[in-house]
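First up is the structure itself, then whatever we jot down about it.
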């Protein structure tokens with residue numbers, strides 16, 4: 001069993017303790033002490049980090065026997081570990097600890113505000129590295145969230161005392177705890193003066209003023225309830241700075257003030273959609289002209305058609321063949337080929353000028369040549385991947401110059 005010094009003094013930054021057990025752990029070691037100020041991950045709050053003498057503590061683990069294990073890194077070969085029974089000096093990473101204290105106490109106050117104002121119960125809590133969340137039992141409106149945020153900050157700015165009490169199960173049964181405790185026996189209770197009383201093993205500030213501010217960052221529906229993301233204290237300041245810098249940069253780029261940003265962005269979005277529609281129309285018109293130019297360059301060739309049965313002789317027919325390299329992407333190539341083959345009598349193979357090459361093969365509905373069969377021949381010759389049907393097929397990644405691919409396409413189509 002490890003004596004948990006943070007239970008009574010969460011502000012304790014340094015301490016001395018005796019090593020009771022050492023075990024190897026993931027290239028380092030797990031040290032168990034007779035007493036510790038390191039908080040292990042529990043109840044939605046992350047673990048503390050810091051040092052034991054010259055060893056870095058990178059994790060703190062709550063063991064089943066009631067002890068707390070400290071995962072330490074061995075930074076260099078031959079770095080000595082303390083022996084069981086040896087005294088070590090522990091130092092907590094205070095910036096991380098105090099951040100967790102602000103967020104966790106802020107959670108108590110915010111959850112109590114939702115409960116007191118609207119009877120909205122918090123079903124779970126999670127403290128992450130950038131923000132924290134509470135999950136409410138039902139969906140909350142924007143008005144309710146804003147009201148709870150205001151009420152929580154009123155308690156923060158009144159700088160109320162936050163005290164720690166230890167009570168028996170019988171005493172706890174008579175207390176107005178916000179949430180029924182999950183464990184029995186002696187309970188550690190966090191008392192936010194005249195506002196919230198909750199059983200909790202986490203670390204908290206001694207007065208609500210130390211929370212600084214509680215700011216709701218976002219909310220969303222979650223499992224039939226509402227997930228509310230919030231930041232407190234230093235995190236809220238960092239979040240404000242980030243938003244301030246982003247808004248200032250956006251304002252400079254758009255030459256408007258912060259209050260005018262939403263309307264300006266909305267106007268730009270409308271303009272962009274209109275320009276996109278106009279551009280699409282122009283692109284379609286250009287494609288029609290380009291397709292007509294390509295169709296005009298077609299040459300008449302005789303192609304041999306495979307018989308449907310072994311008893312039929314090979315047949316030949318005349319088609320207009322278009323073989324060209326075009327500066328276009330896959331969508332552009334396909335638009336051009338299908339535009340040309342929308343008229344009868346055409347067989348088209350267009351290759352991109354960029355490498356690795358793209359190719360689209362298409363035929364008019366009255367032409368019996370198999371586009372996918374021709375594409376298969378080209379992929380075997382030049383690599384790449386693709387597929388399609390008898391009327392249109394496309395591939396990409398062909399490793400050859402466009403002139404080589406077009407020559408091979410002619411051979412595959414006109415045979």
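The values are calculated or read from the model by the stated rules, or taken from the named source; none is laboratory data. None of these values were measured; they are calculated from a predicted model. Glycine also receives a Cβ, built like all others from the backbone with ideal geometry; neighbour counts cover every protein chain displayed.
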In the range 1-29, residues that are farther than 23 Å from residue 100 by Cα and without any contact (Cβ under 8 Å) to a residue 60 or more places away in the chain total 7
When the residues of the range 148-163 are filtered to those that are over 16 Å from residue 117 (Cβ atoms) and buried (at least 16 other Cβ atoms within 10 Å of the Cβ), which remaining residue is farthest from the chain's Cα centre (by Cα)?
160
Name the residues in the range 13-54 that are closer than 30 Å to residue 229 by Cβ, surrounded by fewer than 17 Cβ atoms within 10 Å (Cβ to Cβ) and modelled with pLDDT of 95 or more, would you?
13
Quick one: which of 251, 257 is in contact with a helix residue (DSSP H, G or I) (Cβ under 9 Å, 6 or more places away or on another chain), loosely packed, with under 14 Cβ neighbours inside 10 Å and farther than 29 Å from residue 139 by Cβ?
257
Can you tell me which residue in the range 201-248 is surrounded by the most Cβ atoms within 10 Å (Cβ to Cβ), limited to those that are assigned to a loop (DSSP other than H, G, I, E, B) and touching a helix residue (DSSP H, G or I) at 6+ places or on another chain (Cβ under 8 Å)?
204
Residue count, the range 384-405 (criterion: buried (at least 20 other Cβ atoms within 10 Å of the Cβ) and more than 40 Å from the chain's Cα centre (by Cα)):
2
Sort out which residues of the range 312-352 are in a helix (DSSP H, G or I) and free of Cβ contacts under 8 Å to residues at least 60 places away in the same chain, and write them in order of number.
331, 332, 335, 336, 337, 338, 339, 340
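Matching residues to (1) in a strand (DSSP E or B); (2) surrounded by fewer than 18 Cβ atoms within 10 Å (Cβ to Cβ):
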residue: 61; (1), (2): yes, yes
residue: 66; (1), (2): no, yes
residue: 71; (1), (2): yes, no
residue: 84; (1), (2): no, yes
residue: 91; (1), (2): yes, yes
residue: 95; (1), (2): no, yes
residue: 100; (1), (2): no, no
Taking the condition modelled with pLDDT of 95 or more, assigned to a loop (DSSP other than H, G, I, E, B) and either within 27 Å of residue 7 (Cβ to Cβ) or in contact with a strand residue (DSSP E or B) (Cβ under 8 Å, 6 or more places away or on another chain) (or both), does residue 159 pass?
yes
Scope the range 128-137; condition surrounded by fewer than 20 Cβ atoms within 10 Å (Cβ to Cβ), farther than 11 Å from residue 220 by Cα and in contact with a strand residue (DSSP E or B) (Cβ under 7 Å, 6 or more places away or on another chain); matching residues:
131, 137
Out of 227, 235, 267, I need the residue that is farther than 19 Å from residue 149 by Cα and either out of contact with any strand residue (DSSP E or B) (no Cβ under 6 Å at 6 or more places or on another chain) or touching a residue at least 24 places away in the same chain (Cβ under 8 Å) (or both). Which one?
267
